[in-house]
């Protein structure tokens, strides 16, 4: 009987060596340790033996049983590891160096710059007003202190329409309507008028890399009690520092615009050289950026606001110019071209 | 306009001050100074007065001469000179060895075999005129060796003021006005303008002048004789040259000089041609030859200076050829006048002839200046040529007086407007220096505005603020934030919708936002076979291609798609822009803000692309309004619309826009194989429809049952409408699982979802509804697919 044990042991060892997967391993386990397995069968044979033989055989068969069980368990781990490795090896290492392949939509660069400005102004309590592109002579000129035959009309080559209306040559065309819209709140509750109005403007002129007949401006006004020149300069400096995300130095020079008094040309220290002088600021250290000023008393009056009680400031930002400065766009005509090779680059900007 | 610091210094003593710093201050306080400032004479040295002692012809050159010159250094210097005007005894400008002429340093050098130890110079070589005809002929009696810079005002600082920044300042169109600003900035007194007293000629005969037109404000005149000198003094010519003009002859130079000094244009007529000065307009157009020899068309709106009925000058613009001073002129009639500014401006525009005079007149010159200008002119003329005789009384017709402007304000107003504390002293000093008469009583100021600031520039208290603050210096302002009450800020709904749409289209659907023009580009349209549609036109377009405003962005966008066919096989563009849909009842344009989307694909079928666009729009509308769109078939009415596939987009009963397939003729022109679809939505109509709040539905705890049924049908709507008619309570949703077409027959697999919030449905009750649905559809001729 004891010979059977060594036979079984030798057979098991040799069979175990050839096991390749967990299925075969299970088969082997059943064939030795299962109910009908050879080890189990041998143990059943034990009853036929003498007490002496039983003792010796019992010990040996138990050792064999445990050995078989242990080796199967060890083999199981080994096979599991092998199989896992196989599973892993099924997936190759991906070539991360391949070029990316994805599509993105794009915003118009004017939208990006406009949104950035709007966010800043909204954070300071300004409303954002929309205004039509076709306006009346009253809106664009008369109401903002540019009567007929005023030389300022010569400064702007306006597109007139057959019905006497015109394509707005400046966002100032919205001022009168904004005063009329908010004057009640100002007069009754003392809430200052704070509004910006971005929009398309038109000038009847030949186009080239620096000139467009269709471009964007953004005008802003603040009117209330005791709004002063000091407030204006403070505000422009704060606002422009936000727009350009750095501490901006501003400089005001007298400038003539019929809708403001006093009127200013506002310069900022050159963004390129910081004020030391370089070709982009023509070595002056300053960049002429935007006109601004205290709202002309006649303009307030025309908007139904008493200039003796209220004062305010107004400013105009060239959104098109701002976008060109910000992104280094050299040809202004690219903006209205619809050319996607150029425009599709503006996927999104810093928020 | 070029300004000479020497000229300014005639009127204000700026000695000891840094001129460049003053110019920088002037630029910040008064008017923009261009970046390039010219230091005249800086690169000139070693040029002296020298006398030519002998002239020998050069043996081998016809042009060259061998000179011996006395440069005041006790010896004769040999010079080879090519100028044609050399002569013995002539004094000229001589650049000695070592002299600096711009980039050139003079050194002894051989010239055609002879050594030349220096150079005789022309005015151009010294940089004081553009005359290069010969070497300078110095007529002044000065010692040889005198530095040319001691003889003439060659050293000067010239800066240019941007004319645009002087639009509203008629007083700054001459040096005297600019000098007033420098005096104020430098806090130095302004000298009075030297003039002569003309009242001593009052007993002479007056000139016959009549202003017959309200466009002439004032006309002053004086007659003079015996002008013997013809050439202006060198210093005067240098100033004219530095300021961008040329010396011509004494009288022309003097009128120019006076204009540059006082801003008052003047003109000199041959007295024989202006015996009866009349200022008027003519009823009929005619032609008139100006002194530049050009024949110009004069219309009935142009003001003319006439000799009785014969026009002799275009008022404020240019004199006539026939009344010009000629060789045998003995008596001159001087004109110093002012005219209606708008009239001069319009005439100059009509004639397309803007002169130095008209540029000044159109700024509203001060009429008070006319007689002062004549007195100043005569002072200059008599100083130069004492033989001149005045032969008439100063004749002055003064038809239009600007009202005197006086303003009252108090200190509180200044404080409130500026937001800073400006002292009474600063207010008083500044305004006084600028020529205002100021009276102060406690907090109150009474200001009389000088006539040269009162023609249009200053009329309000706010204008006085500018005077005070610009001299105070905006750089010196203390900055402060505002003190304003808080209130909520609400944005207009259409603005919110617009922003949201842009985000959805760019971020979710990867479209590209574009901008375009508001007119119909005729040539671009033509290329694609699209018609320019009737709409309101631009009245003054200079480009025949852009006459008519657009009534839709779709054709604009088809042109842009055409431009981009090489960009990618598939792309979509959109714009939120404006169109004009004709004229409203009130005569104003019916302007609309539209969203336009166009998709282009070379890889997808027209049908796939159309549904992609439809689902995109539906999703976008669902997002911004929380409402579902419905669709209606539309008849094509535009050249770019496909006759079969054009649908109205309907939201809550309102048509908010349309979508369609590009007409094959247009589409084929863009790309033979590509699919092109478009949509246009009215932003206002969309945002006017109320945003539906989300209606939350508690999820059912009971299982739902899905049933798929395939019908032979052309359109889903035929099935859907029939099913929905019955409004089964347990039928929660009707969807489409599949659409199949084998080319002949089309089948639609609908997916019905049954459920109940209270219980689990039985198979039988669901089957009952399903059977009913099948039966109803069968009755309408829609059968289950075999």
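Every number here is computed from the coordinates shown, using simple stated rules; none is lab data. Quantities reported herein were computed from a predicted structural model and do not represent experimental measurements. Methodologically, a virtual Cβ is constructed for each residue, glycine included, from the backbone with ideal geometry; neighbour enumeration extends over all protein chains shown.
Taking the DSSP beta bridges in chain A as the whole, what percent of them are antiparallel, to the nearest 5? Each step should come with its number before you reach the end.
On the way: 39 of 41 bridges.
Counting only bridges with both partners in chain A, antiparallel ones make up about 95 percent.
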With the 8 Å Cα cutoff and a minimum separation of six or more residues, chain A has a relative contact order in percent of 16 percent
Along each principal axis of its Cα atoms, how long is region A:210-351 end to end? Whole angstroms, biggest number first, please. 53, 36, 29
Any chance you could get the radius of gyration and Dmax over the Cα atoms of region A:143-221, in Å? 15.2, 49
May I ask for the equivalent-ellipsoid semi-axes of chain A, computed as the square root of five times each C-alpha gyration tensor eigenvalue and listed largest first in whole Å? 92, 23, 19
C-alpha center-to-center spacing [region B:162-193, region B:558-636] in angstrom: 59 Å
Semi-axes of region A:2-90 from the Cα gyration tensor (sqrt of 5 times each eigenvalue, largest first, whole Å) come to 31, 11, 10
Zero-based 10 Å bins, Cα pair distances in region B:674-760, whole percents: 13, 27, 29, 25, 6, 0
Springs between alpha-carbon atoms under 10 Å, Gaussian network over chain A: tell me which of A:142, A:87, A:288 tops the mean-square fluctuations. A:87
Quick one: helix A:109-123 against the long Cα principal axis of chain A, what's the angle to the nearest 10°, folded into 0 to 90? 80 degrees
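Counting pairwise Cα distances across region A:54-177, what percent come out greater than 23 angstrom? Write out the running numbers ahead of the final one.
Numbers: 5309 of 7626 pairs.
Percentage above 23 Å: 70.
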Taking the number of other C-beta atoms within 10 Å as the exposure measure, put B:736, B:390, B:561, B:97 in order starting with the fewest. B:736, B:97, B:390, B:561
Computed over region B:119-232: relative contact order in percent, which uses C-alpha pairs under 8 Å that are six or more apart: 9 percent
Quick check on chain A: helices-only [θ] at 222 nm, where DSSP H runs of length 4 and up contribute -39,500 (n - 2.57) each and the sum goes over total residues. Nearest 500, please. -13500 deg cm²/dmol
Over region B:219-363, what number does the Rg to Rh ratio reach, with both radii from the alpha-carbon atoms and Rh per Kirkwood? 0.96
Within region B:1-34, whose backbone N sits under 17 Å from a point 7 Å along Cα→Cβ of residue A:282? B:1-3, B:23-34
Residues B:123, B:425 in order from fewest to most other beta-carbon atoms within 10 Å are B:425, B:123
Return one number: the angle in degrees, 0 to 90 and rounded to the nearest 10, between the long axis of the Cα atoms of helix B:763-779 and the longest principal axis of the Cα atoms of chain B. 70 degrees
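Once you keep just the Cα pairs under 8 angstrom separated by 6 or more residues, what percentage relative contact order results for chain B? Before the final figure, lay out the partial values.
Details: 1498 pairs, mean separation 65.2, N = 786.
Dividing the mean separation by the residue count of chain B yields 8 percent.
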Let me have the 222 nm mean residue ellipticity of chain B computed from DSSP H runs of 4+ only, each contributing -39500 (n - 2.57), with the sum over all residues rounded to the nearest 500. -8000 deg cm²/dmol
Can you sort A:286, B:519 from fewest to most other Cβ atoms within 10 Å of each residue's own Cβ? A:286, B:519
Dividing the Cα convex hull volume of the protein assembly as shown by residue count, how many Å³ per residue is that? 359 Å³
Could you tell me the convex hull volume per residue, in Å³, taken over the Cα atoms of chain B? 295 Å³
How fast does region B:509-620 diffuse by Stokes-Einstein, in µm²/s, taking the Kirkwood radius from C-alpha pairs at 10 °C and 1.306 mPa s? 103 µm²/s
Return one number: the angle in degrees, 0 to 90 and rounded to the nearest 10, between the long axis of the Cα atoms of helix A:175-189 and the longest principal axis of the Cα atoms of chain A. 80 degrees
